[in-house]
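Q: Pasting a structure here, questions to come.
The values are calculated or read from the model by the stated rules, or taken from the named source; none is laboratory data. Being a predicted model, the structure only gives us computed values, none of them experimental. So basically every Cβ, Gly included, is an ideal-geometry build from the backbone, and we count neighbours across all protein chains shown.
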Amino acid sequence: MHPYSNLPTEAFWRTAVASKNPLNIEGLWKPKFKILPDQQVLTAGSCFAQHIGKALSANGYNWHDGEIAPDFIDAETKHKYNYGIFSFRTGNIYTTSLLLQWLEWAVDPSKAPKECWKDANGRYYDPFRPNIEPNGFTSEEELIAARNATFTAIRKSLKTAKFFVFTLGLTEAWKNTEEGYFYPLCPGTLQGSFDKSKHVFVNLKYPEIHSSLVKAIELVKSINDDIKFILTVSPVPLTATAAEKHVLVSTTYSKSTLRAVAGDLADERDDVDYFPSYEIITGTPYKGMFYEPNQRSVANRGVAHVMEHFFADFDVPNAPKEHAQAETQTIQNDEDDIVCEEELLDAFSEKK
């Protein structure tokens, strides 16, 4: 007898993977917590976090929209102005440093910087969510007021939520070295101006990512000690890298580091779980079948398969008789409907 003698079939590659149709691989997630339909769930993070929020709503769960759009605007305009995409109008939060930054500012808005970007037409843009208002704000005061409204929404939502689902996206970031804060995008790529004397590229390492995520979790717990966290890693590759390496190499570093942090935190803490959306899309058994032809965007069938695993052990309120077929129907995600600010960097590849 030895430790491998009585392991279950899922512990062996041959029985758990190689001998199965990849669509029939089971047991990839054994959730620590059971999400009940009436419990508020918050979602934030990279592009892929939007799929989780949509799936929760479609399947009858209480996905929480912390900043509800005004009633007088139509659905297309709401989406254009970033309402109903994440639980808050933060735009994409790609790194744990950005998450911690948003939370710290929400708890104490006086710590938030006053930096604003003004374009040639006199419109103002928020450096920390430059795509939130496509046509910009009319004044600095309007911009700051909108940012403060988001801070209020974050504080209120955290007090009542039972779960916070955060999708880690990138290790690469741009930092203002004079002020010490991070941007979601490099200044000058979407709005603002790049200043090489103070705008510095940072490729975050494991210790920094782990530390900032722990601080973010503890800050949320100081507001609501009962909240639980579900971490995921986005399977969407980098659009571009500033690390002076091939984008495929940079993507592998980024995702593997984030995966290690998320998995370790789930092992270290009883209030954190890890859901393997990354493995379900990128794993070798799936042979890239869930990606669109650009080998980056996740196709509807891939999103549906991921969410089928997510809900496998839950009592889904809207679950139909043909479960797999229904998942595909309930979470159709037009790629044009997904807000992914990092994808805007792809425009610069056309100039190469």
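Q: Among the listed residues Glu76, Glu104, identify the single one that is surrounded by fewer than 16 Cβ atoms within 10 Å (Cβ to Cβ), outside any loop (DSSP other than H, G, I, E, B) and over 16 Å from the mean Cα position of the chain (by Cα).
A: Within the list Glu76, Glu104, the selection yields Glu76.
This table checks each residue for (1) in contact with an Asp or Glu (Cβ under 6 Å, 6 or more places away or on another chain); (2) among the aromatic types (Phe, Trp, Tyr); (3) under 30 Å from Leu103 (Cβ atoms); (4) loosely packed, with under 14 Cβ neighbours inside 10 Å.
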residue	(1), (2), (3), (4)
Pro8	no, no, no, yes
Phe12	no, yes, no, yes
Lys34	no, no, yes, yes
Val41	no, no, yes, no
Ser46	no, no, yes, no
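Q: Report the residue count in the range 87-101 for those that are hydrophobic (A, V, I, L, M, F, W, C) and either surrounded by fewer than 24 Cβ atoms within 10 Å (Cβ to Cβ) or part of a helix (DSSP H, G or I) (or both).
A: 3
Q: Next question, about the same structure. Among the candidates Ala173, Ala149, which residue alone is at pLDDT 95 or above and in a strand (DSSP E or B)?
A: After applying the criteria, what remains is Ala173.
Q: Counting only residues that are over 12 Å from Gly283 (Cβ atoms) and in contact with a helix residue (DSSP H, G or I) (Cβ under 6 Å, 6 or more places away or on another chain), how many does the range 8-31 have?
A: 5
Q: Quick check on the range 35-73: of everything there that is charged (D, E, K, R) and without any contact (Cβ under 8 Å) to a residue 60 or more places away in the chain, which residue is nearest to Leu231 (Cα to Cα)?
A: So, considering only residues that are charged (D, E, K, R) and without any contact (Cβ under 8 Å) to a residue 60 or more places away in the chain, the one nearest to Leu231 (Cα to Cα) is Asp65.
Q: Cβ-Cβ distance below 7 Å, separation of 6 or more or different chains: which pairs start in the range 290-311 with a residue that is closer than 10 Å to Ile280 by Cβ and among the small types (Gly, Ala, Ser) and end on one that is at pLDDT 95 or above and part of a helix (DSSP H, G or I)?
A: Gly302/Ile281
Q: Turning to a different aspect of this structure: Please verify whether the range 211-219 includes one or more residues that are in a strand (DSSP E or B) and of a type outside the set (Phe, Trp, Tyr).
A: No, the conditions are met nowhere in the range 211-219.
Q: List the number of the failed condition for Thr15; all other conditions in (1) touching a residue at least 24 places away in the same chain (Cβ under 8 Å); (2) in a helix (DSSP H, G or I) hold.
A: (1)
Q: Is it the case, given these coordinates, that Lys255 is part of a helix (DSSP H, G or I), free of Cβ contacts under 8 Å to residues at least 60 places away in the same chain, surrounded by 21 or more Cβ atoms within 10 Å (Cβ to Cβ) and not aliphatic (A, V, I, L, M)?
A: yes
Q: Against the conditions (1) out of contact with any Asp or Glu (no Cβ under 8 Å at 6 or more places or on another chain); (2) aliphatic (A, V, I, L, M); (3) surrounded by 15 or more Cβ atoms within 10 Å (Cβ to Cβ); (4) free of Cβ contacts under 8 Å to residues at least 60 places away in the same chain, where does Ala260 fall short? Just the number, please.
A: Among (1) out of contact with any Asp or Glu (no Cβ under 8 Å at 6 or more places or on another chain); (2) aliphatic (A, V, I, L, M); (3) surrounded by 15 or more Cβ atoms within 10 Å (Cβ to Cβ); (4) free of Cβ contacts under 8 Å to residues at least 60 places away in the same chain, the lone unmet condition for Ala260 is (3).
Q: Of the conditions (1) more than 19 Å from the chain's Cα centre (by Cα); (2) exposed (fewer than 15 other Cβ atoms within 10 Å of the Cβ); (3) of a type in the set (Ser, Thr, Tyr), Tyr286 satisfies every one except a single condition; which number is it?
A: Looking at each condition in turn, Tyr286 falls short on (2).
Q: Follow-up. Only one of Phe201, Phe164 is in contact (Cβ under 8 Å) with a residue 60 or more places away in the chain and part of a strand (DSSP E or B); which?
A: Testing whether each residue is in contact (Cβ under 8 Å) with a residue 60 or more places away in the chain and part of a strand (DSSP E or B) leaves just Phe164.
Q: Here is a follow-up. Answer yes or no: is there a residue in the range 297-312 that is more than 20 Å from Asn24 (Cα to Cα) and either at pLDDT below 95 or surrounded by 12 or more Cβ atoms within 10 Å (Cβ to Cβ) (or both).
A: yes
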